[in-house]
Amino acid sequence: MTEKRTEILVGLIVSLGIAIFVTGVIWGRGEEFMTSRYFVQVRFDDVQGLEKGDLVSVRGLTRGKVQSIELKEAYALVRLWLRDDVRLFSDFKAYIGSRELMGGKHVILVPGESGIPADMDRVHQGENGADIWQFLLTAGQTLTRVDTLLNGLQALIDNGRIAETLANLNETSETARTVLFENRRQVRLTVDRLEHLSKRLHDDSTLAHLDRMVVNMDSTAEMIRNLASRLDEGTLGLLINDRWLHDQLMKTCFGLDSLISDIRKNPKKYVKFSIF
């Protein structure tokens, strides 16, 4: 009986030890077997050093891990497991980022805002976020360019080119100011002349002179008509009693009438004023 109790006690101790060991391993690896979870598959063109077991964060909180990474022909397939309290929508985004300057990688999930649940049976396209080393490389290139620019400026200052350029710029500004002042005077003079022309066009004496000229031309035309109607009377009628001459004289009268009418309608066409 004593031996059996000893064996049972030893078995319990060993079992307890194994359970403690397994629990410790699980605890050390951070596995959460008691937590409800689901899986998401995301493809990346470049995983940037991401490894199995790296964390998955949602809004800055750790909500999963990288379950596996499988290399395909044109991309890397990353399988993530997430806690059941994470809700992803159809427009969610997945990025790979650095946790710290010298630390490892992690996957960053942005849940989305469409309100339509994401399809977990399909492979989603991930996006490569800005890596800290890429940022440092870009910053280094930018600093190199800035340093080159500063060296060029220093060379200009040492050679006195900047002072010469500023002097030329100042001279150009003075010239432009003088030209602008002269142009303003010329524009003002032109406007004054235009105003004077407008006054002349509305001057009653000028219009009256034009009206008198039209009346005189009208009287002349009437005299020609009377002359043409009396050509058959007396010796003058005998001298020019010719049909062709009569037609030509009537055409002249009609042309004069048309000219008078056009002058009345468009007086500015025949009376021109010059500004200069």
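Derivation of every value follows stated rules applied to the coordinates shown; laboratory data play no part. Here the structure is a predicted model, which means the values were calculated and not measured. Quick reminder, even Gly has a Cβ in these numbers, built from the backbone with ideal geometry, and neighbours come from all protein chains shown.
In this calculation the C-beta distance from R83 to N151 is compared with R0 = 45 Å, giving a FRET efficiency of 0.25. D by Stokes-Einstein for the stretch 37-128, Kirkwood Rh over Cα pairs, 4 °C, 1.567 mPa s: 99 µm²/s.
Give me the net charge for the shell around V110: Cβ to Cβ below 15 angstrom, other residues only, Lys and Arg +1, Asp and Glu -1. If you can, show how the numbers build up before the last one.
Details: positive: R59, R63, R87, K93; negative: D91, E113, E127.
My count for the surroundings of V110 gives +1.
Computed about the Cα centre, the dipole magnitude for the stretch 37-128 is approximately 300 debye when only Lys and Arg (+1) and Asp and Glu (-1) carry charge, each at its Cβ. By the count of other C-beta atoms within 10 Å, a proxy for reagent exposure, H106, H196 are ordered fewest to most as H196, H106. Apply 1/(1 + (r/R0)^6) to the Cβ-Cβ distance of S258 and L189, taking R0 = 41 Å, and write down the FRET efficiency to the nearest 0.05. It comes out at approximately 0.50.
Here the simple spin-label model places points 7 Å from the Cα toward Cβ, and for S219 and M250 these points are separated by 2.8 nm. Taking label points 7 Å from Cα along the Cα-to-Cβ direction, K265 and R177 give a separation of 5.7 nm.
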